[in-house]
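What follows is a set of notes on a single structure, which appears directly below.
The values are calculated or read from the model by the stated rules, or taken from the named source; none is laboratory data. Keep in mind the model is a prediction, meaning the values are calculated, not measured. Reconstructed Cβ throughout: ideal geometry from the backbone, glycine too, with neighbour counts over all protein chains shown.
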Amino acid sequence: MFRIVCAKGVENVEWKSGFDKERELIFAIQRNLDVVTAILLLTGQITIIGVFVTPGAFRISVGGPITGTSRIEGKDGDAGINIIIDMIDVILGALLLNNQINVSGAFISSGRFTINVSGPIFGVPKTEPALSELNQSSQFFHRTVSKHFYVNPDLVEKFTKD
């Protein structure tokens, strides 16, 4: 919120800083990665291939032939195990689509990569776009300017148009 002093008095105007726009863009990219990963899980293109356990949390690694890894299957084609693996993939896909877990990173090696997913339900804090130091400086600047200086609303409008 940006406070603008004008001839009529004080008005509160919604104003998004460049940092807010960048955070939204980063969040949109992260969300798209979640959705694409969910689609790949639900269509069987990738599957769970490992679990990373850390104190108080765990992360799940997914991959498949399109990421250069083998698709995990039950020993000797055991149908029961394959159904359990498919159920885990469906659950992971649903959790990704419902924003309960998120893509938290990728492990890249020679000729292959895996996608790691995790979230608060697995003991890992939610992945958030991070521009903290720049954002704090920007917020301080906007508070100072709006508190101590007159800001012409026409200029704000002119310079905040995309």
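At a glance:
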{"item": "One residue from R23, R3, R59 being in a strand (DSSP E or B), at pLDDT below 80 and in contact with a helix residue (DSSP H, G or I) (Cβ under 9 Å, 6 or more places away or on another chain)", "result": "R3"}
{"item": "Check on S146, modelled with pLDDT of 75 or more and either in contact with a strand residue (DSSP E or B) (Cβ under 7 Å, 6 or more places away or on another chain) or closer than 30 Å to I72 by Cβ (or both)", "result": "no"}
{"item": "One residue from G50, G63 being within 16 Å of V117 (Cβ to Cβ) and buried (at least 18 other Cβ atoms within 10 Å of the Cβ)", "result": "G63"}
{"item": "Conditions (1) modelled with pLDDT of 90 or more; (2) in a helix (DSSP H, G or I): number failed by T69", "result": "(2)"}
{"item": "Any pair with Cβ under 7 angstrom, 6 or more apart, that starts in region 108-121 at a residue that is touching a residue at least 60 places away in the same chain (Cβ under 8 Å) and ends at one that is assigned to a helix (DSSP H, G or I) and hydrophobic (A, V, I, L, M, F, W, C)", "result": "V117/L92; V117/L96"}
{"item": "Test: D34 is in contact (Cβ under 8 Å) with a residue 24 or more places away in the chain, in a helix (DSSP H, G or I), more than 19 Å from T127 (Cβ to Cβ) and within 21 Å of the chain's Cα centre (by Cα)", "result": "no"}
{"item": "Tally, over region 92-114, of residues that are touching a Leu at 6+ places or on another chain (Cβ under 9 Å) and outside any strand (DSSP E or B)", "result": "6"}
{"item": "Residue match in region 131-139 (condition: assigned to a loop (DSSP other than H, G, I, E, B) and at pLDDT below 70)", "result": "yes"}
